[in-house]
1. Under a Cβ-Cβ cut-off of 15 Å, what is the net charge of the residues other than Ile165 that fall near it, where Lys and Arg count +1 and Asp and Glu count -1?
2. If you stretched the chain out fully between Asp53 and Leu19, how much longer would it get, using 0.36 nm times the residue separation minus the C-alpha to C-alpha distance?
3. Need the full-extension length gain, Gln85 to Glu125, defined as separation in residues times 0.36 nm minus the C-alpha distance. One decimal, nm.
4. Treating only the Cβ of Lys, Arg, Asp and Glu as charged (+1, +1, -1, -1), what charge dipole size does the chain show about its Cα centre? Round to the nearest 20 debye.
5. Cα gyration tensor of the range 1-120, axes a ≥ b ≥ c as square roots of the eigenvalues: rounded (a/c below 1.5), prolate (a/b > b/c) or oblate?
6. Quick check: pseudo-label points 7 Å beyond the Cα along Cα→Cβ at Lys77 and Arg212, how many nm apart are they?
7. Quick check on packing: order 182-193, 67-78, 101-112 by the mean number of other C-beta atoms within 10 Å, highest mean leading.
8. Quick one: length gained pulling Ser168 to Leu94 fully straight, 0.36 nm per residue minus the C-alpha distance?
Amino acid sequence: MENKVTEALQLDKFPQEYLEYFNKEGELVRKSIHGKVLDIGCGNARLLPFIHDKCSSYIGLDNDKEAIINNNLLKKKFSNVDFIQGDARDLKKLFSKEKFDVSVCLWNTLHILGDETLMLKNISEVTNDKIIITLVAKNSQSLKARAKYYDLFKIPYTIDNNSQIIYSKIWGESRAYSGDYFKILSEKSGIPLIESGKIGFMAIYGIFDCSRK
Ligand SMILES: C[S@@+](CC[C@H](N)C(=O)[O-])C[C@H]1O[C@@H](n2cnc3c(N)ncnc32)[C@H](O)[C@@H]1O
């Protein structure tokens, strides 16, 4: 990760509307957490404080070496926590002998990993109960907040106003999704959707059911 990105991921550097979103998302995810948890594309593991007391174990997976080195320091603070540097597109290989009760893939990580339907199916193969996904919501307030965040760290970007996608060399493509997206993803993947909705104006969430496989 380039330095600008590392700086931009420090929790005390985020704009207020992002911190509010993280709190709301953390509380929402917490309600469904139990047993063994996998956080796919965990980043700085910002979810951990919200859920550590509700899970028997937590594994954070990210392909970014620096993020994993930093996160490993959290092992002193939280028990039953581990971090793995690896490519989430190889989930089935990485966890061929292990399954999780709840897998989460938060804050626009799913689309970075390639075909979203295929990725959801792959996650379901390593998950016994629930998958929780959050994605950036498509609306003008969310687009404004994202642009402000890029501006804050002087990260150059362009915007496709129609589809509300922000492009930057450093962060790649940050897409935005409308409310019915999780229904479509459920139909395409065949994985039942338990619940979906909004998290303020910033994001949408979907909770998928893997227990009926
Ligand atoms: C948008 S950030 C979200 C981070 C975190 N989930 C959060 O909500 O704060 C996407 C994360 O996915 C990680 N990532 C990108 N491609 C990956 C891959 N192929 N395998 C594992 N992690 C990946 C990035 O390093 C980054 O930490």
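What follows is calculated from the coordinates using simple rules that are stated; it is not laboratory data. Owing to the predicted nature of the structure, the values given are computational and were not obtained by experimental measurement. Quick reminder, even Gly has a Cβ in these numbers, built from the backbone with ideal geometry, and neighbours come from all protein chains shown.
1. That works out to +2.
2. Stretched out fully, the Asp53 to Leu19 stretch lengthens by 10.2 nm.
3. 12.4 nm
4. For this selection, approximately 180 debye.
5. The shape class here is rounded.
6. 3.9 nm
7. Final packing ranking: 101-112, 182-193, 67-78.
8. Between Ser168 and Leu94, full extension yields an extra 23.7 nm.
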